[in-house]
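Enquirer: Sharing a structure with you now.
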Amino acid sequence: MNLFSLTPEITVYGGGTVGLMGEIAKTLVSLSGPDSVHGIIPEALVRYERDPNYTSTQVSGGNGGQKDSAADEEGKPKQLAVPDENVFGRTTIVKDMHTRKMMMAQEVLAGGPGSGFIAMSGGYGTMEELFETVTWNQLGIHDKGIVLLNINGFYDGILQWIQNSIKEGFVNQANGKIMVEAKNPEDAIKALREYKVSEAVFKLKWSDE
């Protein structure tokens, strides 16, 4: 899932070591150290995405007060393999996808100016997380920037779909700017820093919990 969350202090992503996000995690850790990257991954995916980079063992932490997903039926900690922290940054194991996305969002919402979400090229999981983040923005749940890193026209179809939806009356024209396009990483960071919330988003009051 190639949507990651960015604050001025830390990059938060869905854990794992393979693909685009694995490469980004390794590069950032090599430049800024393990504390610059936080991977959040459900236990089921820890077992599925196992590869030779999973060289450390860890027990889940930070499940938002819920029962530890990495404990057995007797409540004893399970030892689960996780990526090497010195290569991929910190890893937190959670019980399910909802908790993963909630924790990722919470870290971004707690970040300062310039925090937000960047979507790289990806498949179903990336699209699901991208559009949920867009919907939350439209509903007023958060006001952070959402950037499509549109390399080699990968997201041209999504951008055209947005325009078609505006034309057909399904998306407010102003809300067509909830997602911002960037053609390179430098412009993506700049877009987050300069992001403006659409004047057409819903002004709803949501619980802080």
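The values are calculated or read from the model by the stated rules, or taken from the named source; none is laboratory data. Computed from a predicted model, the values in this text were never measured in an experiment. Cβ coordinates were reconstructed from backbone atoms using ideal geometry, including for glycine residues, and neighbour counts include every protein chain displayed. To get the accessible areas, we keep the full protein, side chains included, count just its heavy atoms, and leave off ligands, DNA and RNA. Shrake-Rupley method; radii C 1.70, N 1.55, O 1.52, S 1.80 Å.
Enquirer: State the number of lysine pairs found in the range 75-209 whose Cα atoms come within less than 21 Å, restricting to pairs 8 or more positions apart or on distinct chains.
Expert: Taking the range 75-209 as the scope, the lysine pair count is 16.
Enquirer: In the range 76-180, what chymotrypsin sites (Phe, Trp or Tyr not before Pro) fall in a loop by DSSP, with at most 11 other Cβ atoms inside 10 Å?
Expert: PHE170
Enquirer: Jot down the radius of gyration and Dmax of the range 108-193, Cα atoms only, both in angstrom.
Expert: 12.6, 36
Enquirer: Okay, next question. Please identify every one of the trypsin sites (Lys or Arg not before Pro) in the range 158-209 that sits in a loop by DSSP and has no more than 16 other beta carbons within 10 Å of its own beta carbon.
Expert: LYS183, LYS196, LYS203, LYS205
Enquirer: What does the accessible area of LEU20 come to, in Å² to the nearest 10, when a probe of 1.4 Å is used?
Expert: 80 Å²
Enquirer: I've got another one for you. Modelling each spin label as a point 7 Å along the Cα-to-Cβ direction, I'd like the ALA200/LYS183 distance in nm, to one decimal.
Expert: Distance between label points: 2.6 nm.
Enquirer: Another question, if that's okay. How much accessible surface does GLU128 have with a 1.4 Å probe, in Å² rounded to 10?
Expert: Probe radius 1.4 Å; accessible area of GLU128 about 80 Å².
Enquirer: To continue, here is another question. Tell me the label-point distance for the pair MET102, SER207, using the 7 Å Cα-to-Cβ offset, in nm and rounded to one decimal.
Expert: 1.0 nm
Enquirer: If I model a spin label at LEU139 and LEU31 as a point 7 Å from the Cα along the Cα→Cβ vector, what separation in nanometres do I get?
Expert: Each label point lies 7 Å from its Cα, and together they span 3.4 nm.
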